[in-house]
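In what follows, a single structure is set out as structure tokens and then discussed.
The values are calculated or read from the model by the stated rules, or taken from the named source; none is laboratory data. Bear in mind that the values here come from a model prediction, so they are computed numbers and not experimental data. Cβ atoms come from the backbone with ideal geometry, glycine included; neighbour counts cover every protein chain shown. These area figures cover heavy atoms from the full protein model, side chains too; ligands, DNA and RNA do not enter into them. Shrake-Rupley method; radii C 1.70, N 1.55, O 1.52, S 1.80 Å.
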Amino acid sequence: MRRLLGTCIAIVFAAASGQCSAQPQAAKAHYVGSASCKPCHAGLYAGWRQTRMANVVRDPKVHPEAVLADFTHANPLVTFSLKDVAFVYGSKWKQRYFTKIGDTYYVEPAQWDVAKKKWLPYHVEAGADWWVPYYGASNFERPTGPLCDGCHSVGYNIETKQPVEWNVGCEKCHGPGSEHVAHPTKENIVNPDRLDYVRANDTCIQCHSQGRTLTETFGGKYYDWPVGFTVGERLADYWRLEELKPGTTNFFQYADMTAHKNRMQGNDFIQSVMYHRELRCFDCHDVHSDANPANLKEAGNALCLRCHAPDMNNPAGLKGTVSEHTHHAEGSKGSECVACHMPLIEQTIAGNYVASHTFRFITPALTEESGVPNPCTLCHTDKSNAWAVAQLKTWNSVSPWRMAQPLE
């Protein structure tokens, strides 16, 4: 018992899990930057450096290779030149361009669609994000400090408008590291793997969510990220997730409360059975590696089948083969777990969608009732929703686990 008390400097008992969790000694520690972690954690550091987390925001003068857009041909949307760009933001779905004016940054009114290789307008319209009424109509009246930078950096100071480090560095997930660097022990750094599942997931949900600060304003400004939160604390003490309303479709959600837009993985996940079975984001994702898409620990169905492997004695296991479960041919797109349980329905930019994280199967019947996109017609684009409804009725008229001939 004495050893336990000495190890857990601060102890909380998570009501849901009944486990104790060491909290960070943030009062004395301060941020020192990710490079300070490299000497002892070279492998993890090298892996992290290759991920998008480590390369969200880049200076094109230092990293000209980071610029993905075509600045060589005139485009009416592009009212700025590359020499005006202080930072490029993003590399997977879209790339946006930050211009520095005075002591802060603003987003230029054009963005690059990475997949389609074309320019699109960028402007958050009225009736979209909650913060829009509190800022001017122009992009140059909407500073990135209150609206973006807290999630794209470590240790962002709202008074100086400066971070300790741009990008999602080590201390964003492990807390201030000065004490640990000086005297490395397990007790003076946050390891999310040792936190209860709520605080562990808060590590990721702090940025992968839509919500509002509990304190309405800071210095008269409205912030779209959880000001003051440090990993290891309870995010709910700083940040209230966007209220979801059953039966409502709006900027944030569909009628079944699945997210309508990107950066709501946390809003989705807390609704899921997996969250309430105490899984953590990093049970599936590894932010120290980009070996697999989306930083997944394993590719394809292998990740899901670690827990859902066919086994009659496993309550979470399939009651047959994957093909028998999906009613699609083995190895086909329709037999990928994510095709039905993580459909690409949440918009990041026009025509580009990211995966749902509720893990619910959205039925064609729900599409008919509430207009929520379903995975059947997302793949079978040549078929009607009525066809999808009839197909599911046919499947349900036989064993839900076995088909004589899976669909191609």
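Summed over the stretch 133-172, residues that are over 20 Å from SER36 (Cβ atoms), under 21 Å from the mean Cα position of the chain (by Cα) and in a helix (DSSP H, G or I) total 6.
Within the set HIS357, HIS288, the sole residue that is open to solvent by 40 Å² or more (accessible area, probe 1.4 Å), within 24 Å of CYS173 (Cβ to Cβ) and modelled with pLDDT of 95 or more turns out to be HIS288.
Restricting GLY169, GLY102, GLY150, GLY127 to residues that are out of contact with any strand residue (DSSP E or B) (no Cβ under 8 Å at 6 or more places or on another chain) and crowded, with 20+ Cβ neighbours inside 10 Å narrows the list to GLY150.
Checking each residue in the stretch 222-279 for being among the polar types (S, T, N, Q), in contact with a Leu (Cβ under 9 Å, 6 or more places away or on another chain) and not in a loop (DSSP other than H, G, I, E, B) picks out GLN253, ASN267. When TRP225 is tested against (1) surrounded by 18 or more Cβ atoms within 10 Å (Cβ to Cβ); (2) more than 16 Å from the chain's Cα centre (by Cα); (3) aromatic (Phe, Trp, Tyr), exactly one condition is not met: (2).
Residues of the stretch 327-346 that are open to solvent by 40 Å² or more (accessible area, probe 1.4 Å) and either on the phi > 0 side of the Ramachandran plot or at pLDDT below 95 (or both): GLU330, GLY331, LYS333. Of the helices (runs of 4 or more DSSP H) lying entirely inside the stretch 287-346, those containing at least 3 residues that are over 19 Å from the mean Cα position of the chain (by Cα) are 301-308, 322-326.
Going by what's in this entry, would VAL78 be described as more than 30 Å from THR160 (Cβ to Cβ), of a type in the set (A, V, I, L, M, F, W, C) and surrounded by 13 or more Cβ atoms within 10 Å (Cβ to Cβ)? Judged against the criteria, VAL78 is a match. Screening ALA137 against (1) open to solvent by 30 Å² or more (accessible area, probe 1.4 Å); (2) touching a residue at least 60 places away in the same chain (Cβ under 8 Å); (3) among the aliphatic types (A, V, I, L, M); (4) out of contact with any Asp or Glu (no Cβ under 9 Å at 6 or more places or on another chain) leaves a single unmet condition, (2).
Within the stretch 61-79, the set of residues being out of contact with any Pro (no Cβ under 7 Å at 6 or more places or on another chain) and either of a type in the set (Gly, Ala, Ser) or in contact (Cβ under 8 Å) with a residue 40 or more places away in the chain (or both) comprises LEU68, ALA69, ASP70, ALA74, ASN75, VAL78. Looking only at residues of the stretch 84-116 that are among the basic types (Lys, Arg) and closer than 13 Å to ALA350 by Cα, we find that the one that is nearest to the chain's Cα centre (by Cα) is LYS94. Might you let me know whether the stretch 57-74 holds any residue that is open to solvent by 40 Å² or more (accessible area, probe 1.4 Å) and among the small types (Gly, Ala, Ser)? Yes, because at least one residue in the stretch 57-74 is open to solvent by 40 Å² or more (accessible area, probe 1.4 Å) and among the small types (Gly, Ala, Ser). The lone criterion from (1) within 24 Å of GLN253 (Cα to Cα); (2) touching a Gly at 6+ places or on another chain (Cβ under 7 Å); (3) open to solvent by less than 10 Å² (accessible area, probe 1.4 Å) left unmet by GLY232 is number (1).
Restricting attention to the stretch 173-221 and to residues that are of a type in the set (Val, Ile, Thr) and not in a loop (DSSP other than H, G, I, E, B), the residue that is most open to solvent (accessible area, probe 1.4 Å) turns out to be VAL181. Considering TYR45, TYR31, the condition of being touching a Cys at 6+ places or on another chain (Cβ under 7 Å) and under 27 Å from GLY175 (Cα atoms) is satisfied by TYR45 alone. Just to be sure, is ALA299 open to solvent by 30 Å² or more (accessible area, probe 1.4 Å) and at positive phi? Against the criterion (open to solvent by 30 Å² or more (accessible area, probe 1.4 Å) and at positive phi), ALA299 does not qualify. Whenever a residue of the stretch 252-269 is closer than 18 Å to ALA236 by Cβ, its partners that are outside any loop (DSSP other than H, G, I, E, B) and not acidic (Asp, Glu), lying with C-beta atoms within less than 6 angstrom and at least six residues away or across chains, give the pairs GLY266/ILE205; ASN267/LEU241; ASN267/ALA259; ASP268/ALA259; PHE269/TYR275.
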